[in-house]
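Scroll down for the structure; my scribbles are underneath it.
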Amino acid sequence: MGVKEIPSNVQITTLLDVIKSDSLSGAFNENLHAADEWGGLKDFHCLDGGVLLALDGVWYFSSEQIYCDHCLHSTKEDVTTYYHSALAGTLVKPGNTAVLPVAPEMIANTDDTSDETNSKKQDCERNAAKRWLAKHAEEYKWLSPTLLGDDLYSNYPFCKEVLERGYGFIFTCKEDSHPWLTETVENSYLEEASRREWNGRHHLAYAYRWLNGVEIRDNKETLTVNYFSLSIWNEEKNKQTFYNSWITNKTITGDNVSLIASCARSGVKSSVTVFTYKHLIILISLFL
């Protein structure tokens, strides 16, 4: 109230530094409920009557000179970069450029994660994702979410926990990080489907391959998942323009593989999951 000029980044940082992010996290869910009351969520329902929730880590501060006890750091060619990071999440939908944010989880070192001598591990995106589930899984369960994420999430412990929380998932699954699953896929008969599309400039050929019921790892404690891949070829240039593979808990059929792949790609393209000061400023205004 009474603000006449937009504050500078330095002033915004000064104001926000003392506010703990967890104290604002509930406002994200409140905003989603308000959006739902006004019909704003109907355009985000996409898969099995639920929504797609993309998770991704993002830097929101970096410096080679300025740092604090909570900074993460990365050293390359004898140059150390200090940075702050967060696990950001948004509701997304294929073909929809709008996104809706959910509560973030800070990725930051504490006394238990890192020290100046690097004798302890730094905090990381995977640990932040586990904390996010513990804090917010029940809070957002009313949305019937399917989580989207990169290869970092497609491991047995995390996938198992996602399912135990009542969520679905579609996670990128790279061949080199899943040797057991990849070998199983390569030695199995995969279902296939294809379609062609004119995007206004080129004819594109989409080739889908999938296998239901493959174990995620070679271990007594394992999980059965469903694998699929998508390859896109530019027919005029005779060139592959896209390829990726994923795992999901969704049963894949010839009728739904195109939809599931589109959902997966909306996670790949969700660089808009950036955690910005703007989100916090909007939320803080709700409490003033």
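Within region 196-228, the residues that satisfy the criterion of being at pLDDT 95 or above and loosely packed, with under 14 Cβ neighbours inside 10 Å are G213, T224.
Per the conditions (1) surrounded by 17 or more Cβ atoms within 10 Å (Cβ to Cβ); (2) of a type in the set (A, V, I, L, M); (3) touching a helix residue (DSSP H, G or I) at 6+ places or on another chain (Cβ under 8 Å), the sole criterion not satisfied by L72 is (3). For the criterion of being more than 16 Å from R265 (Cβ to Cβ) and either buried (at least 18 other Cβ atoms within 10 Å of the Cβ) or at pLDDT 95 or above (or both), L147 fails.
For region 198-234, a residue qualifies if it is farther than 13 Å from W180 by Cβ, more than 22 Å from the chain's Cα centre (by Cα) and of a type in the set (S, T, N, Q), and the qualifying residues are N199, N212, N234. For region 212-264, residues that are closer than 14 Å to C173 by Cβ and acidic (D, E) total 1.
Which residue is farthest from L133 (Cα to Cα), if the candidates are limited to region 1-42 and must be loosely packed, with under 10 Cβ neighbours inside 10 Å and among the acidic types (D, E)?
Out of the qualifying residues, it is E5.
Quick one: would you say S231 is farther than 26 Å from P145 by Cβ, among the small types (G, A, S) and either at pLDDT below 95 or surrounded by fewer than 14 Cβ atoms within 10 Å (Cβ to Cβ) (or both)? In short, no. Please list, ordered by residue number, the strands (runs of 3 or more DSSP E) wholly in region 1-106 having 3 or more residues that are under 27 Å from S266 (Cα atoms) and among the aliphatic types (A, V, I, L, M). Because the criterion is at least 3 residues that are under 27 Å from S266 (Cα atoms) and among the aliphatic types (A, V, I, L, M), the strands (runs of 3 or more DSSP E) in region 1-106 that meet it are 52-63, 79-93.
The values are calculated or read from the model by the stated rules, or taken from the named source; none is laboratory data. Predicted, not measured: the structure shown is a model, and the values here were computed from it. All Cβ positions, glycine included, derive from the backbone under ideal geometry; neighbour counts span all protein chains shown.
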